[in-house]
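Structure, as structure tokens:
The values are calculated or read from the model by the stated rules, or taken from the named source; none is laboratory data. These figures come from a predicted structure and were not determined experimentally. So basically every Cβ, Gly included, is an ideal-geometry build from the backbone, and we count neighbours across all protein chains shown.
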């Protein structure tokens with residue numbers, strides 16, 4: 001099953017077709033890797049297969065709450081006992097892209113209820129960082145020290 005902006009579609013989306021092509025090309029260079037393209041809500045691996053699962057800016061692009069819950073459940077399902085999810089995603093909306101919505105800490109905790117969750121804000125807003133760092137790296141570091149200017153969460157979500 002394919003999705004686009006949280007909507008189920010019958011035909012594979014262009015993004016999924018490109019992802020399948022990219023994973024095929026990567027697989028030829030990394031024959032020992034198990035690379036697959038598909039829906040994150042229906043992962044092809046058995047339960048308790050991985051020590052570590054990563055997600056980088058995935059959940060902010062999933063606008064359908066039910067699909068978010070399904071993806072989170074799949075991530076937990078494939079984790080071994082005491083396994084962990086490495087999380088990196090926006091904590092605020094992207095004003096330049098209406099298809100990217102920040103994930104507040106309370107939503108992350110709800111998606112991964114029953115897990116131990118440690119989150120920290122990270123990464124000075126890139127447009128601001130690019131603008132300021134060219135004039136003053138020190139000022140960029142000072143702004144990064146203020147949580148208000150950090151727009152992502154980095155986190156470790158441990159299965160109990």
Checklist outcome for this item: Residues in the stretch 130-159 that are in contact (Cβ under 8 Å) with a residue 60 or more places away in the chain, in a loop (DSSP other than H, G, I, E, B) and out of contact with any helix residue (DSSP H, G or I) (no Cβ under 8 Å at 6 or more places or on another chain) total 0
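Yes/no matrix, rows are residues, columns are (1) within 10 Å of the chain's Cα centre (by Cα); (2) over 17 Å from residue 43 (Cβ atoms); (3) crowded, with 19+ Cβ neighbours inside 10 Å; (4) free of Cβ contacts under 8 Å to residues at least 40 places away in the same chain:
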site: 64; (1), (2), (3), (4): no, yes, no, no
site: 77; (1), (2), (3), (4): no, no, no, yes
site: 80; (1), (2), (3), (4): no, no, no, no
site: 87; (1), (2), (3), (4): yes, no, yes, no
site: 91; (1), (2), (3), (4): no, yes, yes, no
Checklist entry - Which condition breaks for residue 156 when tested against (1) more than 16 Å from residue 62 (Cβ to Cβ); (2) modelled with pLDDT under 95? => result (2)
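Are there helices (runs of 4 or more DSSP H) fully within the stretch 1-119 with at least 1 residues that are farther than 24 Å from residue 153 by Cβ, at pLDDT below 95 and outside the structural domain of residue 154 (by TED's automatic domain parsing)? List them. Give the steps one after another, and end with the answer.
On the way: elements: 14-29, 65-77, 105-111.
Hits in the stretch 1-119: 14-29.
Checking the condition in contact with a strand residue (DSSP E or B) (Cβ under 7 Å, 6 or more places away or on another chain) and over 23 Å from residue 55 (Cβ atoms), which residue from 122, 140, 145, 133 passes? Let's see the steps before the verdict.
On the way: 122 fails: over 23 Å from residue 55 (Cβ atoms); 145 fails: in contact with a strand residue (DSSP E or B) (Cβ under 7 Å, 6 or more places away or on another chain); 133 fails: in contact with a strand residue (DSSP E or B) (Cβ under 7 Å, 6 or more places away or on another chain).
Exactly one residue qualifies, and that residue is 140.
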